[in-house]
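The values are calculated or read from the model by the stated rules, or taken from the named source; none is laboratory data. If you're wondering where the values come from, they're calculated on a predicted model, not measured in any experiment. Because the Cβ atoms are built from the backbone with ideal geometry, glycine has one as well, and the counts that use them run over all protein chains shown. For accessibility, only protein heavy atoms count, side chains too; no ligands or nucleic acids. Shrake-Rupley method; radii C 1.70, N 1.55, O 1.52, S 1.80 Å.
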Amino acid sequence: DIQMTQSPSSLSASVGDSVTITCRASQSIGTSLHWYQQRPGKAPNILISSTSTLQNGVPSRFSGSGSGTDFTLTISTLQPEDFATYFCQQSYNTPLTFGGGTKVEI
Amino acid sequence: QVQLQQSGAGLVKSSETLSLTCTVYGGSFSGFFWSWIRQSPGKGLEWIGEINHSGTTRYNPSLKSRVSMSADTSKNQISLRLTSVTAADTAVYYCARPWGLDNWFDPWGQGSLVTVSS
């Protein structure tokens, strides 16, 4: 299985800050890396697919980059609604696997 | 717009079988794979497996011996069965559609909390 390691597991930030979350794969996965946002009590929601493609309706302050084994999600100018947990997911190989999550707290 | 609605028992006794159903509304059922994913505090998000309208399945090897999925095209439904459950199977279970050329998940069902009791 491809292991996905996210860091940090949690971070504290303020409205207006810029934050970066990292996801590392245990082997090369090309650009088959996706990012989700999850709010408490809700299902994850796709933010960015295939490393850097912003989904419809996702604000442009979200961006993704990387390839191979190292990927980043950046949120510039944090807004109150961005405080949530973020997950990465690889689709290069089955079983599909997820990172452990990064909780962005105020 | 595709929506997924989950149903099924929220409390299952240890050693018994977990059963959940996911109904697809508002879009095509055939021609897609449909996945089950679970989330627990201990193991995070875990892909359980997927099935398409014709019954082709792929399961996570870690659960393969206990999992079965089925599809009912007359009802636009997929079902999950997990046998011989233990406390470690307590989780929120989601159905979701793998989407795009690169298989991200969108949309997701609302989630079903399943608790395994002794």
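A few remarks follow.
- Gap separating the Cα centres of region B:9-67 and region A:1-77, nearest whole Å: 24 Å
- Sequence-distant contacts, meaning Cα pairs under 8 Å at least 6 residues apart, place the relative contact order of chain B at 34 percent.
- Rolling a 1.4 Å probe over the protein heavy atoms of chain A, with every protein chain left in place, gives an accessible area that is 43 percent carbon and sulfur.
- Those residues of region A:64-103 for which accessible area with every protein chain present is at least 20 Å² below the isolated value (1.4 Å probe): A:F87, A:S91, A:T94, A:P95, A:L96, A:F98
- Student exercise, chain A dipole from Lys, Arg, Asp, Glu Cβ charges, in Debye to nearest 20: 120 debye
- Between A:Q3 and A:S65, the FRET efficiency from the beta-carbon distance, with R0 = 22 Å, is close to 0.60.
- Heavy-atom accessible surface that B and A bury in contact, both chains counted, 1.4 Å, Å² to 100: 1500 Å²
- A:T22-A:S76 pseudo-label distance in nm [points 7 Å out on the Cα-to-Cβ vector]: 2.1 nm
- Our coupling estimate for region A:53-66, obtained by passing each phi through the Karplus curve with A = 6.51, B = -1.76, C = 1.60 and θ = phi - 60°, is 8, 6, 6, 3, x, 7, x, 6, 6, 8, 8, x, 8, x Hz, Gly and Pro reported as x.
- Chain A, relative contact order [Cα under 8 Å, separation at least 6], %: 39 percent
- Under 15 Å, Cβ to Cβ, from B:G55 - net charge with Lys/Arg +1 and Asp/Glu -1: +1
- With all protein chains kept in place, the per residue accessible area of region B:1-46 amounts to 50 square angstrom at a probe of 1.4 angstrom.
- Cβ-derived FRET efficiency at R0 25 Å, B:L11 paired with B:S62, nearest 0.05: 0.60
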